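A.B. asks: Here's a structure for you.
The values are calculated or read from the model by the stated rules, or taken from the named source; none is laboratory data. Everything numeric here is computed off the predicted structure, so don't read it as measured data. With ligands, DNA and RNA removed, areas are computed over all heavy atoms of the protein, side chains included. Shrake-Rupley method; radii C 1.70, N 1.55, O 1.52, S 1.80 Å.
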Amino acid sequence: TGYDLVRLMTGAYGTLGVLTEVSMKVLPDVAAQTTLTLDGLDDAAAIAAMSAALGSPFEVTGVAHDPAAGKTRFRLEGFDSSVAYRAEALAAVLAPFGRAEQGQADWAAIRDVTAFADQPGDVWRISVKPSDAAGIAGRMGAKAVQYDWGGGLIWALSDGGDLRARLGDFSGHATLVRGAADAPTFQPEPAPLAAISAGLRQKFDPRSILNPGIMA
């Protein structure tokens, strides 16, 4: 009760406190899972297909696009009969974008962006409106990109430098997840929000000893 400290601590990267005990609620695994895959779509067409799937009533639980592999993937989960019906119905929704093949995919690898794990360079996480994603990815000059969350999340592998400077103003935020770019980890905040953030950190960590430097 009271202040929602759980949400405040989540994503704070250890700058507001130290967690000494964590309780987790777990749920049963799904009974069945399948993945529909479209091949050969460009980024704009893939995002349109992902938006169509997410806008359908068929409870799609994952949508991702890998431009390098030319694969656009759609995950369905649930009971066997439900998954079978929804897969067939979703394939009909996706028909304007091509023939959707049914199979399996490594969604943990998609989530964790393991394709970038052993690649040299900086890894950026860019959250944007899906409708803006293809244009933003096109001007960032990255070595490779992957799309998750239906295009709302772009993972970018960059040669270095401040990717935000190349992007300029855009509706969203970019986080430097890994790398040596001379850039702050997090997207600079507007002055009013930055003042609130600084005030919170001062209250929680008045001596500035918790993970110093990661946030401005």
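A.B. asks: Using a Gaussian network model on the chain with a 10 Å cutoff between Cα atoms, which of 175, 61, 37 fluctuates the most?
C.D. replies: 61
A.B. asks: Also, quick follow-up: Would you mind getting the accessible area per residue of the range 1-96, heavy atoms of the protein chains only, 1.4 Å probe, in Å²?
C.D. replies: Details: 5930 Å² over 96 residues.
Per residue, the range 1-96 has 62 Å² of solvent-accessible surface.
A.B. asks: Can you list the residues, at least 5 places off or on another chain, whose amide H is less than 5 Å from the amide H of residue 160, using H built in the peptide plane?
C.D. replies: Here the answer is 122, since their amide H atoms fall under 5 Å of that of residue 160.
A.B. asks: Could you put 173, 65 in order of accessible surface area, largest first, with the 1.4 Å probe and the full protein assembly present?
C.D. replies: On the way: 173 80, 65 5 Å².
Putting 173, 65 in descending order of accessible area: 173, 65.
A.B. asks: Using Cα centres only, tell me the gap between the range 168-216 and the range 105-147 in whole Å.
C.D. replies: Each part reduced to its Cα centre gives a spacing of 21 Å.
A.B. asks: Per residue, how much accessible surface does the range 134-216 expose to a 1.4 Å probe? Answer in Å², no decimals.
C.D. replies: 55
A.B. asks: Could you work out the relative contact order of the chain, using alpha carbon pairs under 8 angstrom and six or more residues apart, expressed as a whole percent?
C.D. replies: Working: 333 pairs, mean separation 45.9, N = 216.
Here the relative contact order equals 21 percent.
A.B. asks: Rounded to whole Å and sorted largest first, what semi-axes of the equivalent ellipsoid does the C-alpha gyration tensor of the range 1-74 yield via the square root of 5 times each eigenvalue? Write out the running numbers ahead of the final one.
C.D. replies: Numbers: eigenvalues 255, 62, 34 Å².
Semi-axes from the Cα gyration tensor: 36, 18, 13 Å.
A.B. asks: Something else now. Using each residue's phi in the range 203-208, evaluate 6.51 cos²θ - 1.76 cosθ + 1.60 at θ = phi - 60° and report the 3J(HN,Hα) Karplus result to the nearest Hz, with x for Gly and Pro.
C.D. replies: Listing the rounded values in order: 6, 7, 9, x, 9, 6 Hz.
A.B. asks: Roughly to the nearest percent, how much of the accessible area of the range 109-216 is carbon and sulfur, given a 1.4 Å probe?
C.D. replies: Values: 3280 of 5870 Å².
Solvent-exposed carbon and sulfur of the range 109-216 make up 56 percent of the total.
A.B. asks: Can you run phi through the Karplus equation (6.51, -1.76, 1.60; θ = phi - 60°) for the range 175-189 and list ³J(HN,Hα) in whole Hz, with x for Gly and Pro?
C.D. replies: Once rounded to whole Hz, the list reads 10, 7, 7, 8, x, 10, 4, 7, 8, x, 4, 10, 4, x, 8.
A.B. asks: Given the options 193, 27, 157, state which has the largest fluctuation in a GNM of the chain using a 10 Å cut-off (strictly under) for Cα springs.
C.D. replies: Maximum fluctuation in the GNM of the chain, among the listed residues, is at 27.
A.B. asks: Here's another thing I want to ask about it. Top mean-square fluctuation among 159, 29, 132, Gaussian network model of the chain, C-alpha springs under 10 Å?
C.D. replies: Among 159, 29, 132, the largest GNM mean-square fluctuation belongs to 29.
A.B. asks: If you plug each phi of the range 44-61 into the Karplus form 6.51 cos²θ - 1.76 cosθ + 1.60 with θ = phi - 60°, what whole-Hz ³J(HN,Hα) values come out, in order, with x for Gly and Pro?
C.D. replies: So the J values, rounded to whole Hz, are 5, 5, 5, 5, 4, 5, 5, 5, 4, 5, 5, x, 7, x, 9, 6, 6, 9.
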